[in-house]
Amino acid sequence: MMNESNTMQAIRYHAYGGPEQLVLERVPRPELKPGTVLVRVKAAGVNPWDWKLRTGAYRQFMPIDFPYTPGIELAGVIEEIGPEVSGFGRGQAVYGSASGTNAEYAVAPASSLAPKPAALTFDQAAAVPVGATTAWRALFDAAGLQAGQRLLIQGAAGGVGSFGVQLARWRGAHVIGTASAKNLDFVRSLGAEEVIDYQATPVERAVRDVDVVLDTVGGDVGERSLQVLRPGGILVTIAGQPSEEKAQARGVRAAGVGPSDPARTGELLRQIGDLIDSGQIKVQITNVFPLAEAGQAHALSQSGHGRGRIVLHVAD
Ligand SMILES: NC(=O)c1ccc[n+]([C@@H]2O[C@H](COP(=O)([O-])OP(=O)(O)OC[C@H]3O[C@@H](n4cnc5c(N)ncnc54)[C@H](OP(=O)(O)O)[C@@H]3O)[C@@H](O)[C@H]2O)c1
């Protein structure tokens with residue numbers, strides 16, 4: 001029987017479509033499995049992945065069962081611990097990756113969680129997991145970024161780019177970031193030494209001889225970025241597949257970033273949390289919506305222009 005103690009409010013959609021498909025409904029709470037914990041969600045980040053999945057763009061390779069609750073990252077408090085989980089306790093504040101986080105409760109693999117950085121509110125912590133771990137994997141795993149190297153980040157103000165700028169500066173790289181005029185000061189405040197308004201200046205005319213490009217925009221932005229690399233340099237894109245043939249023709253390399261490994265996410269978030277708590281990485285959120293307004297949050301994310309991550313505030 002459905003009652004207050006075994007149900008929750010959750011955003012769901014019953015068919016592919018626009019943001020209006022997102023509705024707030026009372027549904028059963030998700031069930032624990034071995035290796036997972038039940039998290040009382042306080043906040044959930046909104047990622048481009050969420051609205052792309054909702055439109056049906058990924059239906060060929062990732063079909064979903066309806067009704068579907070969106071959301072792939074959260075911050076909250078552990079309510080219950082499943083079998084085969086160690087290192088976490090009930091009532092502990094955590095952040096990390098999970099499915100169906102646009103809800104009052106979500107089940108998360110324990111390996112995808114880490115203690116919430118003490119310096120952050122829950123809203124801020126929910127803005128970190130996907131952006132920061134993607135930037136880490138792209139810069140350090142795929143590109144092998146080293147101290148002293150020159151890096152161009154296309155889309156430096158976004159949910160991934162804003163962490164990319166800070167992680168690269170922490171590593172000791174020289175960072176050049178692109179953004180629209182309204183976000184240039186923000187990108188500079190994150191530590192970028194040079195900023196370029198991509199709407200005013202073609203980046204390939206303003207930049208040259210970089211060791212690494214992180215492309216978070218995709219399409220022709222990635223392809224034009226090949227021109228700014230030094231011979232042997234590398235373009236890493238997180239938005240689509242780069243053309244390895246075109247890169248080879250220019251004497252440079254191109255790589256994508258594979259799917260994240262849930263078993264490694266928690267470990268990365270512990271390292272990133274330490275950087276946050278020691279003040280080396282800052283988290284800025286500019287748009288917070290209540291859970292019931294997930295549709296507006298999706299629409300804003302879908303506009304493709306913004307600063308940092310959009311967050312759904314689920315509970316105080
Ligand atoms: N492979 C993976 O594992 C992975 C993981 C996360 C994300 N992604 C993908 O990566 C992309 C970016 O994600 P995100 O979360 O960072 O998105 P986001 O938070 O929506 O940020 C997008 C940013 O791109 C900037 N931008 C738009 N057009 C630009 C252009 N022509 N040149 C330079 N900057 C431009 C915007 O800045 P302005 O407002 O200043 O225009 C905005 O700050 C998405 O396609 C997402 O699906 C992939």
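Each value in this text was obtained by applying a stated rule to the coordinates, not by laboratory testing. Keep in mind the model is a prediction, meaning the values are calculated, not measured. Please note: Cβ atoms are built from the backbone with ideal geometry, for glycine as well, and neighbour counts cover all protein chains shown.
So if I place +1 on the C-beta of Lys and Arg and -1 on the C-beta of Asp and Glu, and nothing else carries charge, what would the dipole magnitude of the chain be about its Cα centre? I want it in debye, nearest 20.
440
So, in the chain, how many Lys pairs have Cα atoms under 21 Å apart, if the pair is 8 or more places apart or on different chains?
Value for the chain: 4.
How long are the semi-axes of the equivalent ellipsoid of the chain, defined as square roots of 5 times the Cα gyration tensor eigenvalues? Whole Å, largest first.
Equivalent-ellipsoid dimensions as semi-axes: 34, 21, 18 Å.
Say the dipole of the chain comes from +1 at the beta carbon of Lys and Arg and -1 at that of Asp and Glu; which of V130, G155, H305 then lies farthest toward its positive end?
G155
How far is it, in nm, from the label point at A315 to the one at R264 when both lie 7 Å from their Cα along the line to the Cβ?
Placing both labels 7 Å beyond Cα along the Cβ direction yields 3.3 nm.
Less than 11 Å Cβ to Cβ from H313, Lys/Arg counted +1 and Asp/Glu -1: what total charge do the surrounding residues give?
Overall, the nearby charge balance is -2.
Just to be sure I understand: with springs between alpha-carbon atoms less than 10 Å apart, which residue in N183, N102, N287 has the highest mean-square fluctuation in the Gaussian network model of the chain?
Among N183, N102, N287, the largest GNM mean-square fluctuation belongs to N287.
Once you sort the root eigenvalues of the Cα gyration tensor of the stretch 159-316 as a ≥ b ≥ c, which label holds: rounded (a/c under 1.5), prolate (a/b larger than b/c) or oblate (the other case)?
Cα axes put the stretch 159-316 in the prolate bin.
Out of Q284, Q241, Q154, any idea which swings most in a Gaussian network model of the chain, alpha carbons joined below 10 Å?
Top of the fluctuation ranking is Q241.
Could you please report the charge total around P231, scoring K, R as +1 and D, E as -1 over all other residues with beta-carbon less than 15 angstrom from its beta-carbon?
Surrounding charge for P231 is +4.
Assuming R0 = 51 Å, what is the FRET efficiency of Q227 and Y16, from their Cβ-Cβ distance, to the nearest 0.05?
For R0 = 51 Å, the calculated efficiency reads 0.85.
Taking only DSSP H segments of four or more residues, each worth -39500 (n - 2.57), what value at 222 nm results for the chain once the sum is divided by all its residues, to the nearest 500 deg cm²/dmol?
-6500 deg cm²/dmol
Give the order of K116, K52, K282 when sorted by the count of other beta carbons within 10 angstrom, beginning with the fewest.
Going from least to most buried by this count: K52, K282, K116.
Using the alpha-carbon centroid of each, what span in Å lies between the stretch 94-112 and the stretch 26-59?
Each part reduced to its Cα centre gives a spacing of 7 Å.
Quick one: angle between helix 161-171 and the longest Cα principal axis of the chain, in degrees between 0 and 90, rounded to 10, please.
Tilt relative to the chain: about 70 degrees.
Among residues other than Q241 whose Cβ falls under 12 Å from its Cβ, what is the net charge (Lys/Arg +1, Asp/Glu -1)?
Summing Lys and Arg as +1 and Asp and Glu as -1 gives -3.
For the chain, modelled as a Gaussian network with Cα springs under 10 Å, which listed residue fluctuates most, V41, V85, V160?
Between V41, V85, V160, it is V85 that shows the largest mean-square fluctuation.
Going by how many other beta carbons lie within 10 Å of each one, how would you line up L269, L74, L113, L38, fewest first?
Neighbour counts put them in this order, fewest first: L38, L269, L113, L74.
At S189 and N287, where each label point lies 7 Å from the Cα along Cα→Cβ, what is the point-to-point distance in nanometres?
1.8
For a footprinting-style exposure proxy, rank E104, E194 by other Cβ within 10 Å, fewest first.
Neighbour counts put them in this order, fewest first: E194, E104.
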